[in-house]
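What follows is a single structure, written as structure tokens, with notes after it.
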Amino acid sequence: MNQLEDMRIFVETVERGRFTAAARRLGLSKQLVSRRVIELEERLGVQLLIRTTRKLSATELGLDYAERARRILAEVMEADDTMANHLATPRGTLRLTAPLSFGVLHLTSLLTGFLTLHPGVKIDLDLTDRPVDLVAEGVDMAVRVGLLSDSSLRAKRLAAVRMVVCASPDYLRRFGTPRTALDLKRHNCLSYRHSKGTYWWFSIRGRSEFVSVDGSYIANNGEVLRDAAVAGLGITQLPTFIVKSDLDARRLVTVLDSLAPPVAAVYAVYPAHRQRAVLVRTFTDYLAASLT
């Protein structure tokens, strides 16, 4: 069991890059984490980490050991889950990640209900708009909004999401209302940061197309872009769950409605080895029922 714990501590240290951050995630002291890694290196007889005053980095052997340790820990977790599936009541810790805006606006209230229904469960929630590698970071499940990239992950559709292009009435009075996607070239487009650039999703002549846009503000959070649009800075494309109240209050109005893209979705996404876990399955079913 100590060997498995040492593996877990080392993997967390490699992923976090600092003993302090790993200790915080594991709920241990920095001194204990550092000592356990040193003892692991002494037991194996190799140097796993390069230590500097600013950051830790894994040696080539350390990276290899961390990858092998991840696979072993995943197999142990799967074995535990297989046994847990014989229990009618889910229990244990669910490590969950979700986009910040969706999490604050919709998810956190559902989590309290789930925890009330299942007192044997703990939830470790990370609200972030950065791409999270579920396997590498040991996350059980992610809630993701919009289009999914191809991957080895499993996904279940939870609810529909509608995207709209919108701006403040004041901005449209000053700069005009776009009538076509090409008109956006003359507007300040407030865009979400994507790994492949800034683009918006439209339905043009019955086909889904991605249109490259440009503007003075790029962010990785929808609420930030919404606030900038309300302030009259430009036009943005966002899901209705972020802008609904502003549309209802006429602080924002929609444009290009005839080019609205196909309805997107909210998904539960999880690694293949977590697909049969009773806790993951129970929570996914709970979200699907709550969000419809």
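The values are calculated or read from the model by the stated rules, or taken from the named source; none is laboratory data. What you see is a predicted model; the values in this text were computed from it and never measured. Glycine gets a Cβ as well: all are built from the backbone with ideal geometry, and neighbour counts include every protein chain shown. Ligands, DNA and RNA are excluded from the accessible area calculation, which covers all protein heavy atoms including side chains. Shrake-Rupley method; radii C 1.70, N 1.55, O 1.52, S 1.80 Å.
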Unique residue being loosely packed, with under 13 Cβ neighbours inside 10 Å, farther than 30 Å from THR89 by Cα and in contact with a strand residue (DSSP E or B) (Cβ under 8 Å, 6 or more places away or on another chain) when the list is SER191, SER208: SER208
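From the list LEU4, LEU56, which residue is in contact (Cβ under 8 Å) with a residue 40 or more places away in the chain and either crowded, with 17+ Cβ neighbours inside 10 Å or over 28 Å from PRO131 (Cα atoms) (or both)? Lay out the reasoning, then the answer.
Numbers: LEU4 fails: either crowded, with 17+ Cβ neighbours inside 10 Å or over 28 Å from PRO131 (Cα atoms) (or both).
None of the others qualify; the one that does is LEU56.
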All positions within segment 119-136 that are farther than 14 Å from VAL280 by Cα, touching a residue at least 40 places away in the same chain (Cβ under 8 Å) and in contact with a Pro (Cβ under 8 Å, 6 or more places away or on another chain): ASP129, VAL135
Hits in segment 3-61 (condition: among the basic types (Lys, Arg) and in a loop (DSSP other than H, G, I, E, B)): ARG18, ARG54, LYS55
Candidate set: segment 7-35, residues that are touching a Phe, Trp or Tyr at 6+ places or on another chain (Cβ under 7 Å) and not hydrophobic (A, V, I, L, M, F, W, C); chosen: the one least open to solvent (accessible area, probe 1.4 Å): THR13
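Considering only segment 154-188, how many residues are among the aliphatic types (A, V, I, L, M), part of a helix (DSSP H, G or I) and open to solvent by 40 Å² or more (accessible area, probe 1.4 Å)?
Within segment 154-188, residues that are among the aliphatic types (A, V, I, L, M), part of a helix (DSSP H, G or I) and open to solvent by 40 Å² or more (accessible area, probe 1.4 Å) number 1.
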Set PHE202, PHE241: member being within 20 Å of LEU127 (Cβ to Cβ), open to solvent by less than 70 Å² (accessible area, probe 1.4 Å) and aromatic (Phe, Trp, Tyr): PHE241
